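Asks: Got a structure here, written out as structure tokens. Questions coming.
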Amino acid sequence: MRFWTGASAGRRRAAAGFTIVELITVLVVMGVLGAVAITRFFDNGPIQAREYADQTKAIIRYGQKLAIAQNRPVYVSATGNLFALCVQSACAASDAVTAPAGNNSGSSYTKAQCQIGGSYVSTWMCEGKPDSLTVTASRVTEVGAGGMFFFDAMGRPYNAADIANPLGSASTFTTPLTITVTGNGTAVVVTVEAETGYVH
């Protein structure tokens, strides 16, 4: 039978554990990793770009479905600072399409942009663009200052130039409309196909 003496037990205890250098090294490495990871959490530009692109798709899709369901044109106001739906191209307060949930998101950007006659309309199917994002499109007459396009009662898309005669003219929306939402280097593309109006 073997017995441990006090001296060898003490040596064994001294060998177990970490040195101060090892502990400091681990703390420094953890600090560096934490600093890198935390900057990822505060960079919400890519998240905002995806979120706003999804909101844009939802608004445009709803406009197409509503045009088919109500058998009339539905207009998509696309100024670059907002995407909204109206049943007339002038988009007066009485023409604003009500959001399916009863209210839009109510974000500070939406409150600032989704106004008719200088007043915010909370029930309007409209979403404002966050300031950190940019919205560009393949055609500036449809998406840009005063931009607009619409869907007819069959869900076909029409360009802004077709608004003067919405029910009797052939659509000049002959190529896909691409809308690019960019936030901090991340670009998300929304496409409205010609003829079918399919949004993806």
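The values are calculated or read from the model by the stated rules, or taken from the named source; none is laboratory data. Note that the structure is a prediction, hence the values are computed from the model and not measured. Neighbour counts run over all protein chains shown; Cβ positions are idealised from the backbone, glycine included.
Asks: Specify which of the listed residues (126, 114) is touching a helix residue (DSSP H, G or I) at 6+ places or on another chain (Cβ under 7 Å) and closer than 23 Å to residue 53 by Cβ.
Replies: Checking each option against the conditions leaves just 126.
Conditions tested, residue by residue: (1) closer than 19 Å to residue 173 by Cα; (2) touching a Ser or Thr at 6+ places or on another chain (Cβ under 7 Å).
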| site | (1), (2) |
| --- | --- |
| 23 | no, no |
| 38 | no, no |
| 46 | no, yes |
| 52 | no, no |
| 61 | yes, no |
| 71 | no, no |
| 78 | yes, no |
| 91 | no, yes |
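One line per residue, one yes/no per condition, for (1) within 25 Å of residue 131 (Cβ to Cβ); (2) crowded, with 19+ Cβ neighbours inside 10 Å; (3) at pLDDT below 85; (4) not polar (S, T, N, Q):
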position	(1), (2), (3), (4)
163	no, no, yes, yes
168	no, no, yes, yes
174	no, no, no, no
178	yes, no, no, no
187	yes, no, no, yes
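Asks: With 97, 76 as the choices, which residue is within 30 Å of residue 191 (Cβ to Cβ) and touching a residue at least 40 places away in the same chain (Cβ under 8 Å)? Show your work before the answer.
Replies: Numbers: 97 fails: touching a residue at least 40 places away in the same chain (Cβ under 8 Å).
Among 97, 76, only 76 is within 30 Å of residue 191 (Cβ to Cβ) and touching a residue at least 40 places away in the same chain (Cβ under 8 Å).
Yes/no per residue for (1) of a type in the set (Gly, Ala, Ser); (2) on the phi > 0 side of the Ramachandran plot:
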site: 84; (1), (2): yes, no
site: 99; (1), (2): yes, no
site: 128; (1), (2): yes, no
site: 182; (1), (2): no, no
site: 187; (1), (2): yes, no
site: 192; (1), (2): no, no
site: 195; (1), (2): no, yes
site: 199; (1), (2): no, no
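Asks: Considering every residue within the stretch 4-19, establish whether at least one is out of contact with any Pro (no Cβ under 9 Å at 6 or more places or on another chain), at pLDDT 85 or above and part of a helix (DSSP H, G or I).
Replies: No, every residue in the stretch 4-19 fails to be out of contact with any Pro (no Cβ under 9 Å at 6 or more places or on another chain), at pLDDT 85 or above and part of a helix (DSSP H, G or I).
Asks: Here's something else I'd like to know. Please determine whether any residue of the stretch 126-139 is without any contact (Cβ under 8 Å) to a residue 40 or more places away in the chain and in contact with a Phe, Trp or Tyr (Cβ under 8 Å, 6 or more places away or on another chain). Show your work before the answer.
Replies: Taking the stretch 126-139 as the starting set, the residues that turn out to be without any contact (Cβ under 8 Å) to a residue 40 or more places away in the chain are 131, 139.
Next, from what is left, pick out any that are in contact with a Phe, Trp or Tyr (Cβ under 8 Å, 6 or more places away or on another chain): 131.
Taking every residue of the stretch 126-139 in turn, at least one turns out to be without any contact (Cβ under 8 Å) to a residue 40 or more places away in the chain and in contact with a Phe, Trp or Tyr (Cβ under 8 Å, 6 or more places away or on another chain).
Asks: Would you check which residues across the stretch 118-148 are charged (D, E, K, R) and within 19 Å of residue 193 (Cβ to Cβ) and list them?
Replies: 139, 142, listed by residue number.
Results for (1) surrounded by fewer than 16 Cβ atoms within 10 Å (Cβ to Cβ); (2) among the hydrophobic types (A, V, I, L, M, F, W, C); (3) over 14 Å from the mean Cα position of the chain (by Cα); (4) under 26 Å from residue 98 (Cα atoms), shown as yes or no for each residue.
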| position | (1), (2), (3), (4) |
| --- | --- |
| 118 | yes, no, yes, yes |
| 129 | no, no, no, yes |
| 139 | no, no, yes, no |
| 148 | no, yes, yes, yes |
| 182 | no, no, no, no |
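Asks: Is the stretch 34-54 home to any residue that is touching a residue at least 12 places away in the same chain (Cβ under 8 Å) and within 26 Å of residue 118 (Cβ to Cβ)?
Replies: Yes; the residues of the stretch 34-54 include at least one that is touching a residue at least 12 places away in the same chain (Cβ under 8 Å) and within 26 Å of residue 118 (Cβ to Cβ).
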